[in-house]
1. Which entries of Lys78/Lys115; Lys361/Lys387; Lys78/Lys184; Lys54/Lys137 show an alpha-carbon separation above 25 angstrom in the structure shown?
2. Along the positive direction of the dipole of the chain (beta-carbon charges: Lys, Arg +1; Asp, Glu -1; about the Cα centre), which of Ile202, Leu12, Val41 reaches farthest?
3. Under a Cβ-Cβ cut-off of 10 Å, what is the net charge of the residues other than Gly275 that fall near it, where Lys and Arg count +1 and Asp and Glu count -1?
4. Please identify the trypsin sites (Lys or Arg not before Pro) of the range 241-318 that satisfy two criteria: DSSP loop assignment and at most 15 other Cβ atoms within 10 Å. Which are they?
5. Can you tell me the FRET efficiency between Glu238 and Ala33 if r is taken as the Cβ-Cβ distance and R0 is 30 Å, rounded to the nearest 0.05?
6. Test of understanding: extend the Cα→C-beta vector of Ile191 to 7 Å, then name every residue of the range 129-149 with backbone N under 17 Å from that spot.
7. Evaluate the charge dipole of the range 177-324 about its Cα centre and quote only its size in Debye, nearest 20, assuming +1 on the Cβ of each Lys and Arg and -1 on the Cβ of each Asp and Glu.
8. Where does the chain land at 222 nm, in deg cm²/dmol rounded to the nearest 500, when only DSSP H runs of n ≥ 4 count, each adding -39500 (n - 2.57), divided by all residues?
Amino acid sequence: MQKRRLTRQVTLGDARVGFVKLGGGLPRADGTATTPAPVSVQTMTTGFTYDIDKCVAEINRLTAAGADVVRVAVPEKKDTEALKQIIQMVKVPIVADVHFHFQRALESIEAGVHKIRLNPGNIQDRKQVIDVIQACKARNIPIRIGVNEGSIIERKDKQKRLKELGAFFSESKKGYLLAIMITKLEEYLDIFYEQDFYDITISAKSMDAPTVVEAYTEISKRFDHPLHLGVTHAGPKETGCIRSAAALGALLANGIGDTIRISYASDSKYEVEDGLELLYSMGLRERKGAELIACPTCGRIQVDLISLVQDVRKKLEGQITVPIKVAVMGCIVNGPGEAEGADVAVFAGDRRGIIYVQGEKVANVPEADILEKLLSECLAFQDRVIKGEVKLGEKKVEIIPPDPIGEIGSGWEAMAGKMKASPAELTVGRT
Ligand code: SF4
């Protein structure tokens, strides 16, 4: 992992919903220092904003899923009229997504919105863009400038710069597109800088993962504003998650990106869950709740592990709030080694499960009882963590495969036979 790229810092929110910082590390205009904020997760509502009750319910559901910031579309005046009430009823900073109608931006600002998403290319009159900038400036509201692939418009007066950049990126398959994106950004940023406005974040999304990586990488070298990462129109969750993780993972590993939005043609809750999981997996956010480790299963399996893992995941989701590592392993052959570092682990075999808590065996139960016993051990362990009696990850798993007859029975004998070793010789996962 590369060190996070330093940026100016942008803050959005208010005293009631709380403040979310994006990026950081470079000093403020007054010279005071900033510290890079954790990478945040954003999403967008899918319902009509003017339908106040439904919109608030959706925002609250996304907030409960872990969204740091929620964006709503405001295509019509009835949407910005609803926004005033909505903002008072939610507990998360709200961004107004504005396209074409600068008036919607001004109305959203008036309604108390916390950030504006604007594509200056969609607002033809420069004076109107300046009015929005000035209104945001007066209220300390940041603006995200989007130069997403689908929304950039070429302008004839920028042809010279476009040619220069086009030649610079001539080796790239998407060189022309990169040239347009950067030309547009330079053009838009000039308008903002002329107004002495720097409370800016930038996005440059595409549906093509390599283009996203290349575009943000080039932008990160040229501009010091926080970057809002995303793969746009990534498709349904099933395939979009791979496309998004590939692009955003590559950028984040290179220290690029300050806030992310995963876009699915599915319930936005999945955008939040998967965005958080991406950040947790990369060590960019402190995990809330259990981390589940599970083996993929193989021909050695002797319980219905796939169903068990899903059941464990659902049970832990609502009840475990500290980042306990929980391992659910199909057997004792590779399980202990792979579960090393787990706080609570179950190793299955011959229709039974042996449960360990920080390396100590605490139970050996039939398959039907694994789920409940594992949950009760996780809850008891969580209590001890909260009381300060134990620390997470304190003891490594140190497990000697149990006696085949006394613990998991004939399955183990068969396995040991296949491996041409006696059970006594196999001490797996010892530290
Ligand atoms: S832990 Fe056991 S059952 Fe699971 S994949 Fe590894 S060897 Fe197979």
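1. Values: Lys78/Lys115 19 Å; Lys361/Lys387 22 Å; Lys78/Lys184 31 Å; Lys54/Lys137 31 Å.
Among Lys78/Lys115; Lys361/Lys387; Lys78/Lys184; Lys54/Lys137, the Cα-Cα distance tops 25 Å for Lys78/Lys184; Lys54/Lys137.
2. Result: Ile202, furthest along the dipole toward the positive end.
3. Numbers: positive: Arg261, Arg285; negative: Asp68, Glu271, Glu273, Asp274, Glu277.
Neighbour charge sum, excluding Gly275 itself: -3.
4. Values: sites: Arg243, Arg261, Lys269, Arg285, Arg287, Lys288, Arg300, Arg313, Lys314, Lys315; in loops: Arg285, Arg287, Lys288, Arg300.
Qualifying residues, ordered by number: Lys288.
5. Values: r = 44 Å, r/R0 = 1.45.
Taking R0 as 30 Å, the efficiency between Glu238 and Ala33 is 0.10.
6. 129-138, 142-149
7. Values: 15 positive and 22 negative charges, 151 e Å.
The calculation lands at about 720 debye.
8. On the way: 13 runs with 172 residues, N = 431.
One gets -12500 deg cm²/dmol as the mean residue ellipticity at 222 nm.
The values are calculated or read from the model by the stated rules, or taken from the named source; none is laboratory data. These numbers come from a predicted model, not from an experiment. No Cβ is skipped: glycine too gets one built from the backbone with ideal geometry, and neighbour counts run over all protein chains shown. Just the protein is used for accessible areas: all its heavy atoms, side chains included, with ligands, DNA and RNA removed. Shrake-Rupley method; radii C 1.70, N 1.55, O 1.52, S 1.80 Å.
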